Amino acid sequence: MKFILISFLFIFVSCEQPRTNRPNYGARDSNQGATIIYQDMPQGTNSTGINTSGQSLDSTTTDNSDNQNSSDSSSSNQNLIGLSADNQNCTWSSDGNTYEYNNQIIGDYNYCKSSTFSNNFYVQVKAPSTSDLCFFPLYDTGQSTHYLGNASCIRALASNQIYQVELYKNRSGFTNFPINKLLVVKNQSYTFNSPYPQGYPIPAPDAFKQCMDHAYYYYTIYQYSDDSYCEAFNAASIHSIFNF
């Protein structure tokens, strides 16, 4: 049973930070909306200020270096914010040039798992994102993929900051599975091919959750899979998957 076929890459984020729960609502049914948990919200930022440009992004990228605007030049030589005993042995950039990973969702970035908390990781981005970055914890068996909980989102506005992301395994029936992959999307709205509703931009976290929920429950009821939503989601090329 294959719910979703997508390429992988890596990710990243820093210490105990404020969280804000906010539901995303899809175009058809508000109950299908994904709950996203904001972390490290900047002071004075409205958690509902979402960019909904509807522009599609390519998710299948590897080793694309030097393709990011060096918009971090003003802060690249500043002291790193978010360094801690938990992440001090990881690779971070203090000169704006030392980045180990790249994909077209995040651009150049550094990523490191927490040495203390099994569901936490850290990320540093070279170019501040135009939209919030949202991470879903996944369990991949090699034959099927399941999301394990709500999306954790950050607003990465500074290149000299190490952001911490805490992942949540709170999906009913899936809390005992280990996290071995992560999926990242921007919290933007996009239009998708059928069977998604036509003419209605849908936030990427909602579209991913709807794809996975439909595939899982369809298989549970009928004992064979319907991957149509996931195929339409994949065709938009707005996500990346990483090992965790």
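Some observations on this one:
- Number of the exception - Gly199 against (1) out of contact with any Phe, Trp or Tyr (no Cβ under 7 Å at 6 or more places or on another chain); (2) touching a residue at least 40 places away in the same chain (Cβ under 8 Å); (3) surrounded by fewer than 16 Cβ atoms within 10 Å (Cβ to Cβ): (2)
- Where strands (runs of 3 or more DSSP E) sit wholly within region 135-244, those with at least 2 residues that are under 18 Å from Phe121 (Cα atoms) occupy 151-154, 163-166, 181-186, 239-243.
- Qualifying residue in region 104-112 (condition: under 26 Å from Ala236 (Cβ atoms), surrounded by fewer than 19 Cβ atoms within 10 Å (Cβ to Cβ) and in contact with an Asp or Glu (Cβ under 8 Å, 6 or more places away or on another chain)): yes
- Of the residues Ser237, Ser228, Ser172, the single one that is in contact with an Asp or Glu (Cβ under 8 Å, 6 or more places away or on another chain), surrounded by fewer than 22 Cβ atoms within 10 Å (Cβ to Cβ) and more than 30 Å from Ile81 (Cα to Cα) is Ser237.
- When we screen Ser194, Ser152 for residues that are surrounded by fewer than 20 Cβ atoms within 10 Å (Cβ to Cβ) and within 26 Å of Ser228 (Cα to Cα), the only hit is Ser194.
- Figure legend. Inter-residue proximity from region 112-127: first residues touching a residue at least 24 places away in the same chain (Cβ under 8 Å), second residues of a type in the set (A, V, I, L, M) and not in a loop (DSSP other than H, G, I, E, B), beta-carbon distance below 7 Å, spacing 6+ or different chains. Indicated pairs: Asn120/Val165; Phe121/Val13; Phe121/Val165; Tyr122/Val13; Val123/Val13; Val123/Val165.
- Failed item in (1) over 14 Å from the mean Cα position of the chain (by Cα); (2) of a type outside the set (S, T, N, Q); (3) surrounded by 16 or more Cβ atoms within 10 Å (Cβ to Cβ), with Leu182 passing the rest: (1)
- Where a residue in region 85-109 is in a loop (DSSP other than H, G, I, E, B) and its partner, wherever it lies, is at pLDDT 90 or above and of a type in the set (Asp, Glu), with Cβ under 7 Å and at least six apart: Thr91/Glu100; Tyr99/Asp108
The values are calculated or read from the model by the stated rules, or taken from the named source; none is laboratory data. Everything numeric in this text was worked out from a predicted model, so none of it was measured. Please note: Cβ atoms are built from the backbone with ideal geometry, for glycine as well, and neighbour counts cover all protein chains shown.
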